[in-house]
Structure formats: C-alpha cells, structure tokens
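Comments concern the structure below.
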Amino acid sequence: MRIRAGYDIIHDCPVETPMVLLLNVHPSRAGDLETPDLMTASPEVRMHRYRDLFGNVATRVVAPPGPFRLTADFVITDTGAADPASPDACQHLVEDLPDEAMTFLLPSRYCETEHLSNMAWSMFGGVEPGWKRVQAICDYVHSHITFGYHNARKTRTAFEAWQEQVGVCRDFAHLAVALCRCMNIPARYCTGFLGDIGVSRVTSPMDFSAWFEVYLGGAWHTFDARHNAPRIGRILMARGRDATDVAIATIFGAAWLEQFTVITEELK
C-alpha cells in the first residue's frame, strides 16, 4: 500500500519567534519512505534538526515576523495490515520491567495518575492482567468520552477528560495512558497520520491523530481508545509521555494559527 501524507500549516507571528517542530516521520518508519519527508518553510529559514530524548526527529527554527508557512508532501509505503493484536501478551511485574519503560509508569503533565489511581484499581483491578486489562481500559475510555472537535481544549488533562466526558483524540489517549499507568502498565503517547483507510470516510477535515502504546510481553503494542478498533495505515511521527513531549509545534512566544491542513490518503 502507498499512502500520500503531508501538511500545510501557517502561523502568524508578531515578532521573530523560536519554535521546535515535531512534524517528521518517526525514524522507525524512515525506511518506508518512497519520497523524501522534507519540511519546507516559507519564508525560508535556517533549520536545525536533532533527536530528542524520546528518539523523535525535532526541528528548531526561528519564525520571522508575519505569516510563516510549513509544508510537506510525501509518499510512504505501508503493509496495509491492521494494527496487530497479541491477546496472550502478559503484564510484567514492576520489578521486572526494563529501565527504559519506567519513565512511562510515572505521572506526567497531562496524565495525572494520582487523581485516577483509586478509580482505576476499583474498575480494572479484577480484570485479568495483560492484554485483556488494557482492552478493558480502551473499552471504558471509548464509551466514557464523547468525541467532538468543538470540545477541543489544549489544556485538558486526563483527569479533566474523565470528569467532563468530552474531548478529541488526545483526550482519549491521555485518559487511557493514565489509567494504564495506574495499573502498573507502561504506556506512552503517540501522534502521527491516520487516514480513513479501510473504514468509512468521515466528513470532517483531516487532522493528525493520537493513540498510545503499552509495554506487554517484552514489546510495545499499539492501542487506540478513540476508535477502539485495529486500523490500517498509521504513520508514526513521535512518541512521548504525553502531548507535551510530542506537540507538533512548541512555540516560544506569540503566534496565531491561520491555516491547518493535513493530508493522509491511500494512492491507488
């Protein structure tokens, strides 16, 4: 399967404004690129690329005053297979987890486990540890939160999403991540492209998507509490503790979003 993906994003900055951008395909998918994943800026600026603490490709720029446009348009090859399931994947004891997984057990900016732990254990403590427990958490989050772009709020935390019962894909992911961590299952937040491939096309504009991964049975596995079904054609961009770590643009100053277009479509 071949997928065309990209974006066209414009910010309006009153003065020179530093930014850190996480808009490139994750290094784990770099080998699948059929055409280069090139970020283009207009006006042209110096770009400094580096790997962040989570292994994501980050780009530092200083946006000039006025409209600042970022674009990309590339083709990537995908297996066409849906997210794999491993129902026998076991949950590890905390003392047996690898060191690199421990970060993803801790509370973070948007996943405040301290407010959700008692509820999590009362609801999921009796569920078989491992894959079934994570799926039970996904089922709960999927039914508990009502999706709607009009409900988007960039400051909403997992606990607030649980209280308000509304949100967008990041809120589904944050609540599921937090509940998994409450149950001693390492969970990390993911962002990337996810087109309407193998499912009915939706009428709302394309956007980046959020999902999460858990560590079970010695490996990381993909789950998606918003859709709560295996999907085809995920293109990972970045992983982290929560949306703080994988924001598509971290802006150090004032900037107004003037245009936001995302492309994700299967090529016939």
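The values are calculated or read from the model by the stated rules, or taken from the named source; none is laboratory data. Model, not experiment: these values are computed from the prediction. All Cβ positions, glycine included, derive from the backbone under ideal geometry; neighbour counts span all protein chains shown. For the accessible areas, the whole protein counts, side chains as well, though only heavy atoms, and no ligand, DNA or RNA atoms are used. Shrake-Rupley method; radii C 1.70, N 1.55, O 1.52, S 1.80 Å.
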Qualifying residues in region 160-193 (those that are in contact with a Lys or Arg (Cβ under 6 Å, 6 or more places away or on another chain) and open to solvent by 10 Å² or more (accessible area, probe 1.4 Å)) - the one nearest to G240 (Cα to Cα): R188
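So which of R201, R156 ends up being more than 13 Å from the chain's Cα centre (by Cα) and more than 20 Å from V262 (Cα to Cα)? Walk me through how you get there before you give the answer.
Values: R201 fails: more than 20 Å from V262 (Cα to Cα).
Checking each option against the conditions leaves just R156.
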Top-ranked residue in region 25-42 [being touching a Lys or Arg at 6+ places or on another chain (Cβ under 8 Å) and not in a strand (DSSP E or B); ranked as least open to solvent (accessible area, probe 1.4 Å)]: H26
Failed item, numbered, when A72 is tested on (1) surrounded by fewer than 16 Cβ atoms within 10 Å (Cβ to Cβ); (2) in contact with a Phe, Trp or Tyr (Cβ under 8 Å, 6 or more places away or on another chain); (3) within 22 Å of R234 (Cβ to Cβ): (1)
Among the candidates T35, T17, T59, T77, residue that is touching a helix residue (DSSP H, G or I) at 6+ places or on another chain (Cβ under 7 Å) and among the polar types (S, T, N, Q): T77
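Does I10 satisfy the criteria of being surrounded by 12 or more Cβ atoms within 10 Å (Cβ to Cβ) and more than 12 Å from V75 (Cβ to Cβ)?
Working: surrounded by 12 or more Cβ atoms within 10 Å (Cβ to Cβ): yes; more than 12 Å from V75 (Cβ to Cβ): yes.
Yes.
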Test: residue in region 246-260 that is of a type in the set (D, E) and either at pLDDT below 95 or open to solvent by less than 40 Å² (accessible area, probe 1.4 Å) (or both): no
Hits in region 97-126 - residues which are of a type in the set (G, A, S) and closer than 21 Å to T244 by Cβ: A101, S108, S117
Residue in region 217-245 that is nearest to P205 (Cα to Cα), counting only those that are β-branched (V, I, T), open to solvent by 20 Å² or more (accessible area, probe 1.4 Å) and touching an Asp or Glu at 6+ places or on another chain (Cβ under 9 Å): I232
Scan of region 47-92 for residues that are aromatic (F, W, Y), outside any strand (DSSP E or B) and in contact with a Pro (Cβ under 8 Å, 6 or more places away or on another chain), ordered by number: none
First in region 59-82 and under 24 Å from D245 (Cβ atoms) and touching a residue at least 24 places away in the same chain (Cβ under 8 Å), second anywhere and open to solvent by 10 Å² or more (accessible area, probe 1.4 Å) and small (G, A, S), Cβ under 6 Å, 6 or more apart: L70/A41
Flag for D83 being under 24 Å from D196 (Cα atoms), of a type in the set (D, E), out of contact with any Lys or Arg (no Cβ under 7 Å at 6 or more places or on another chain) and open to solvent by 20 Å² or more (accessible area, probe 1.4 Å): no
Search result, residues across region 95-125 that are assigned to a loop (DSSP other than H, G, I, E, B) and open to solvent by 80 Å² or more (accessible area, probe 1.4 Å): L106, R109
Pairs where the first residue, in region 37-49, is farther than 18 Å from L22 by Cβ and the second is open to solvent by 70 Å² or more (accessible area, probe 1.4 Å), C-beta under 7 Å, 6+ apart: S42/R69
